[in-house]
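The values are calculated or read from the model by the stated rules, or taken from the named source; none is laboratory data. Computed from a prediction, not measured in an experiment: that's the story for all the values here. In this analysis, Cβ positions are derived from the backbone assuming ideal geometry, glycine residues included, and neighbour counts consider all displayed protein chains. Heavy atoms of the whole protein, side chains included, go into the accessibility calculation; ligands, DNA and RNA do not. Shrake-Rupley method; radii C 1.70, N 1.55, O 1.52, S 1.80 Å.
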Amino acid sequence: MIDSPLLGSRSGFIGGRWDSGHSSARFEVVNPANGAILAELPLMSRDDAARSVQAAFEVLGSPISLERRRELLLALVDQIRKEREEIGRIITLENGKPLAEACAEADYAAGFYQYAADHLDRLTPRRLEENPRGHEWTVYARPAGVAGLITPWNFPFAMIAKKLAASLAAGAPAVIKPAEKTPLAMIALFTLLERIGMPSGLANLVFGDASAIGSVLCTDPRVRVVSFTGSTRVGRILLEQSAPHFKRLALELGGNAPFVVFADADLGLAAEHLVQNKLRAGGQTCVCANRLLVERSVADRFEQELVSRLEPLRVGDGMEPGVAVGPMIDRAGYEKVGQHLEDAVAGGARLTYQGRVPVGDDSDDAAETMSRDWGWYFPPTVLRHALPTMLCAREETFGPLFPIFEFESEAEALEMSNDTEYGLAAYLFTGDPRRAERMIERLHYGHVGWNSGTGPTPEAPFGGMGHSGFGREGGVEGLMDFVEFQTVARSPS
Ligand code: ADP
């Protein structure tokens, strides 16, 4: 079991109180690196979700001033900065990513709250300069209503920051449902929210039965916005469930990111950025490069640059110093990467490099406190001659597989890049600025890295096109997700 000053309570949080709900059923949170059971948490239900919505709804009766919202955001930033190491430790234990990366996730999360606090004036009432019809016109940014926030396991602390920063900025009370694999970082966040004196009901936490809680958020009329990051499959369920209720949705779904390398690119730089980009969270992010499209004339050289950077990397328990790639989150995640690899090899691709995984410990001491679902380590693996018909081209692999596809011309590179229904992130490496501009204008992706594998940042809007969803998080655009504009026309008489 995990011991942490940020995990004093092991339950949800409803209406300003730690709350386990009414059901006696529980679920386990497991360390994917070694199978240790970190916590047993209450499996909360539809009723608990409905109580959370009620607690949140009550907040709307006493609107929270912009100044108070700013104070809360800044106090939260202070707390996160103070506790970054402990938050990082909790993230690594439940998610598996290396500790340095997990601490950086805490910093990244703090950036969203800071950005929202710094740009809160965007939500102050705006008096129009014109006076149409001789009236005085003012536009108010009102909280849109209760916000349902559903987050995935790959960034247990940062994904909620993107949503909660904006909903707190808007003064919209939230009901939060984290992924059941990684609820501990969220409990830690609520410990910090309690410390800063967050008004009761402004943020509520429920976890357990995902589909029951999700259906309350999608159908309860008091919830006006549902913001979700996760799979396209679940995004579609939420869209269908909420359609009859005319809810506003923000969906950040799967990706299938192309990483395009032209012959005129700095190949070393491209390989360096690729490794950084692709191995974040062990390849388990929706902005990780999925298809490596490399101009044929430089494919051999690029592969060498890539492999020379993969060789020194260690795969293992993220708590161990020097580990660059942690375990896959679970068996299903591991098996998907393996399936993509097998499918590609069966279709004629060549496996040219595979790293090593840690050797298992056969001892079965402490078997009672261990889960069986752990230790799914997948090493960085490079494939050549991958083809657009293979699974690794059609679906998001979500793991450290590096399939290299070859192209001959700019037109072919563009066509291959856009040959997917997804449109989240794309990366382009070329030394020719005119080519870059031509390509970028035609790439159907919400985020493009140009000679860079960098992903989202708190200061810029980020989100998808096509089946990757809609809505933007980050930047001033992201601050608008939880407000509703109300226009008041005042007659002079
Ligand atoms: P992943 O494949 O990355 O786990 P999911 O889309 O399954 O992505 O999960 C993302 C989040 O959606 C998690 O918090 C999960 O519990 C939640 N979720 C899963 N199924 C549903 C559902 N039917 N309704 C609402 N939320 C759901």
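Considering only DSSP beta bridges whose two residues both sit in the chain, what percent are antiparallel, to the nearest 5? It would help to have the intermediate numbers written out before the result.
Numbers: 29 of 68 bridges.
Here the share of antiparallel DSSP bridges comes out near 45 percent.
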Under a plain spin-label model, where a point goes 7 Å from the Cα along Cα-to-Cβ, how far apart in nm are Arg350 and His119?
4.8
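Let me know the charge dipole size of the chain about its Cα centre in debye, to the nearest 20, where only the beta-carbon of Lys, Arg (+1) and Asp, Glu (-1) is charged. Present the calculation step by step, with values, prior to reporting the outcome.
Values: 49 positive and 65 negative charges, 313 e Å.
Approximately 1500 debye in magnitude.
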Principal-axis tilt of helix 232-242 within the chain, Cα atoms, nearest 10 degrees
20
To check you understand DSSP bridge types, tell me what percent of the beta bridges within the range 366-493 (both residues inside) are antiparallel, rounded to 5.
30
Could you size up the charge dipole of the range 11-156 around its Cα centre, putting +1 on the beta carbon of Lys and Arg and -1 on that of Asp and Glu, and report it in debye to the nearest 20?
340
Any idea of the accessible area per residue across the range 257-457, 1.4 Å probe, to the nearest Å²?
45
Order by accessible surface, 1.4 Å probe, largest leading, for residues Lys336, Lys82 comes to Lys82, Lys336
Quick one: Cα centre-to-centre distance for the range 252-327 and the range 229-245, in angstrom?
31
Label-to-label distance, nm, for residues given as Ser409 and Glu320 (7 Å Cα→Cβ offset):
5.0
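Take every DSSP beta bridge whose two residues both sit in the range 77-214, then give the antiparallel share in percent to the nearest 5.
Numbers: 2 of 9 bridges.
Once the DSSP bridges in the range 77-214 are tallied, antiparallel ones form about 20 percent.
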I'd like the accessible area for Tyr353: 1.4 Å probe, protein heavy atoms, all chains in place, Å² to the nearest 10.
30
To the nearest 10 degrees, how steeply does helix 99-118 sit against the main Cα axis of the chain, on a 0 to 90 scale?
40
Please give the contour-minus-distance gain from Glu85 to Arg133: 0.36 nm per residue of separation, less the Cα-Cα distance, rounded to one decimal in nm.
11.5 nm
Fully extended contour minus Cα-Cα distance, from Asp3 to Ser308, at 0.36 nm per residue
105.8 nm
Only helical DSSP H runs with n ≥ 4 go in: add -39500 (n - 2.57) per run for the chain, normalise by residue count and round the 222 nm mean residue ellipticity to 500 deg cm²/dmol.
-11000 deg cm²/dmol
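Could you order peptides 54-64, 145-155 by the average number of other Cβ atoms within 10 Å of their residues, highest first? List each step's numbers first, then the result.
Working: 54-64: 17.2, 145-155: 26.4.
Peptide ranking by packing, descending: 145-155, 54-64.
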Quick check on packing: order 226-232, 253-259, 195-201 by the mean number of other C-beta atoms within 10 Å, highest mean leading.
253-259, 226-232, 195-201
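Could you order the peptides 269-280, 131-142 from most to least packed, using the average number of other C-beta atoms within 10 Å per residue? Working shown, then result.
Numbers: 269-280: 21.5, 131-142: 13.3.
Top of the packing list down: 269-280, 131-142.
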Can you give the relative contact order of the chain as a percent, counting alpha carbon pairs under 8 Å and 6+ residues apart?
19
When averaged across all projection directions, what area in nm² does the alpha-carbon convex hull of the chain cover?
25.0
Put a dot 7 Å past each Cα toward the Cβ at Phe470 and Asp264; how far apart are the dots in nm?
3.7
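Which net charge results when you count Lys and Arg as +1 and Asp and Glu as -1 among the other residues whose beta-carbon is under 11 Å from that of Asp266?
Details: positive: none; negative: Asp264, Glu272, Glu305.
Combined, the nearby Lys, Arg, Asp and Glu give -3.
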With N denoting the number of residues in the range 47-154, provide Rg(C-alpha) divided by 2.2 N^0.38 Å, to two decimal places.
1.46
At the level of C-alpha centres, the distance separating the range 66-120 and the range 463-477, in angstrom, is 21
Percent accessible area from carbon and sulfur atoms, the range 195-316, protein chains only, probe 1.4 Å
52
Ignoring solvent entirely, what values of log10 I(q)/I(0) come out of the Debye formula for the range 257-457 at 0.07, 0.11, 0.19 Å⁻¹ when each Cα is a single scatterer?
-0.21, -0.49, -1.36
Can you tell me the orientation of helix 66-82 relative to the chain, as the angle in degrees between its alpha-carbon axis and the longest Cα principal axis, to the nearest 10?
40
Can you give me the Kirkwood hydrodynamic radius for the range 253-308, using every pair of distinct Cα atoms, in Å to one decimal?
11.6
Among Lys181/Lys336; Lys247/Lys278; Lys82/Lys336; Lys97/Lys247; Lys247/Lys336; Lys97/Lys336, the pairs whose Cα-Cα distance exceeds 27 Å are Lys247/Lys278; Lys82/Lys336; Lys97/Lys247; Lys247/Lys336
